[in-house]
Amino acid sequence: MANDLASMNNDELLELMRELGEPNFRAKQILLWLSKGARPDEMNNIPAQLRSKLDEIPFGGARIIEQKRSKKDDTVKFLYELDDGNIVEGVLMSYSYGNTLCISSQVGCRMGCAFCASTLNGKVRDLTAGEMLSEVTAVERLIPASGDKKRTVTNIVMMGCGEPLDNYDNTVRFLKRATAPDGLGISPRNISVSTCGLVPKIYSFTEDAPSITLCISLHAPNDELRRKTMPVANAYSLKELIPAAKHYSEKTGRRVIFEYALIDGVNASDEDARELAGLLRGINCHVNLIPLNSVKERSLNGVTRQRAARFAAMLEKLHISATVRRELGTDIDGACGQLRNKHINSGREEQA
Ligand code: SAH
């Protein structure tokens, strides 16, 4: 049983209604409200006495406290405040097919990747499924769907703060609620989960969420280099990670996406491209190249668009499908954890 209302599914709400001595049909009504991100005080077809009982249960909300719109493109970055005052962030990116919302799965992160701002202060706590759903519904409430569109958020990527597979149960619960017709009703094919490579969890994910797109942050063509920027590489070598990726694609029939942030002077040479092509040969996959978004606190820099294009062309020539990801929101601290850190640091400065 979930602890917060926003995480609950139909069966749990039915059980709650039984416990509270309420009729079953209330569960459906509440679920419909929850799919719109409504808190009990807004549930106007629910009797006041039941609303106040629901109010006693932690909700699992995420309130937008700041939004930054890019002047270069339609990207919007959000800062969310959770009910206990913790801060996470999300980014809405607009594409021809719809809008993708990048959400956070943890407050901070404990994976320790050298280039990532989310992990600078470690992990504070996991998000509940309800809080992740609230990240989506808060955006939909703020920005109503335009034109003939049914909803604002058509696609979700779990690429904000945190490691989703390090918060496995809540992530899977979130994915079930996000794709359920009585939840958000978003197609699983429109949802991607990104992991730094927690191998045993990749095997579980293949069983529990086979229709969701799996993205693996690779960022290096060999273990030696990978260990320099990703501590997780000490726990799981490529000898374990690559077969897990292969297993996912063979079992689900879906392409696995490898993310590769190009870091100047570290992993972006022609030789690295050749080695990467060798590593990925025979896997049904696509490589998403991202010129590293330089993070103030880290002394690692991205490569030029030309270098990234050359890296992609080399992979393509070696029959590995690859594209350079469009850089969005570079003027609004688009990379993971940047805006949250700025917010936390500015708070500290004010207090000092
Ligand atoms: N923990 C998950 C998801 C969060 S990060 C993971 O590791 O995959 C989403 C993606 O952004 C990951 O590929 C991550 O490595 C990458 N990333 C983090 N910091 C970045 C930066 N400064 N520039 C470019 N990509 C970055």
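The values are calculated or read from the model by the stated rules, or taken from the named source; none is laboratory data. None of these values were measured; they are calculated from a predicted model. When we count neighbours, we look across all protein chains shown, and the Cβ atoms used for this are built from the backbone with ideal geometry, even at glycine. Surface areas here come from the heavy atoms of the whole protein model, side chains and all, with no ligands, DNA or RNA. Shrake-Rupley method; radii C 1.70, N 1.55, O 1.52, S 1.80 Å.
Numbers below:
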quantity	calculated
Contour excess over end-to-end distance, with Cα ends at Ala114 and Arg69 and 0.36 nm allotted per residue	13.5 nm
Principal-axis tilt of helix 270-280 within the chain, Cα atoms, nearest 10 degrees	60 degrees
For the range 224-333, with +1 on Lys and Arg beta carbons and -1 on Asp and Glu, the positive-most of Ser249, Ala277, Val324 along the dipole	Ser249
DSSP beta bridges in the chain [antiparallel fraction, %, rounded to 5]	50 percent
Normalised contact order of the range 1-114, rounded percent, pairs of Cα under 8 Å and 6 or more residues apart	16 percent
Helix-only mean residue ellipticity at 222 nm for the chain, each DSSP H run of n ≥ 4 adding -39500 (n - 2.57), per residue, nearest 500	-11000 deg cm²/dmol
Cα-based helix-to-principal-axis angle, 129-142 vs the chain, degrees rounded to 10	80 degrees
Positive dipole terminus of the range 5-55, leading residue within Leu31, Met8, Met43 (C-beta point charges)	Met43
Of Val107, Val124, Val76, the one that fluctuates the most in a GNM where the chain has Cα springs shorter than 10 Å	Val124
Dipole magnitude of the chain, debye to nearest 20 (Cβ charges: Lys/Arg +1, Asp/Glu -1, about Cα centre)	960 debye
Highest-MSF residue in the chain out of Glu271, Glu19, Glu240 [GNM, Cα springs under 10 Å]	Glu19
Cα long-axis angle, helix 168-179 against the chain (0 to 90 degrees, to the nearest 10)	70 degrees
Qualifying lysines (Cα of each under 23 Å from Cα of Lys71; at least 8 residues distant if same chain)	Lys296, Lys342
Assigned charges on the beta-carbon of Lys, Arg, Asp, Glu; the range 50-174 dipole about Cα centre (debye)	380 debye
Surface accessible to a 1.4 Å probe, per residue, for the residues of the range 138-254, Å²	40 Å²
Where labels lie 7 Å past Cα in the beta-carbon direction, separation of Glu207 and Lys149 in nm	3.8 nm
Net dipole in debye of the range 5-55 [+1 Lys, Arg Cβ; -1 Asp, Glu Cβ; about Cα centre; nearest 20]	160 debye
His247, His319, His286, reordered so the largest accessible area comes first (probe 1.4 Å)	His319, His247, His286
Among Asn99, Thr137, Met159 - extreme Cα towards positive end, dipole of the range 62-165, charges at beta-carbon	Asn99
Solvent-accessible surface (1.4 angstrom probe) belonging to Leu20, in square angstrom, nearest 10	50 Å²
Rel. contact order, % - alpha carbon contacts under 8 angstrom, at least six apart, the chain	15 percent
Of Lys77/Lys150; Lys53/Lys149; Lys201/Lys228; Lys123/Lys228; Lys72/Lys201, those spanning more than 28 Å from alpha-carbon to alpha-carbon	Lys53/Lys149; Lys72/Lys201
Inter-label distance for Ser96 and Arg18, nm, one decimal - labels placed 7 Å from Cα along Cα-to-Cβ	5.1 nm
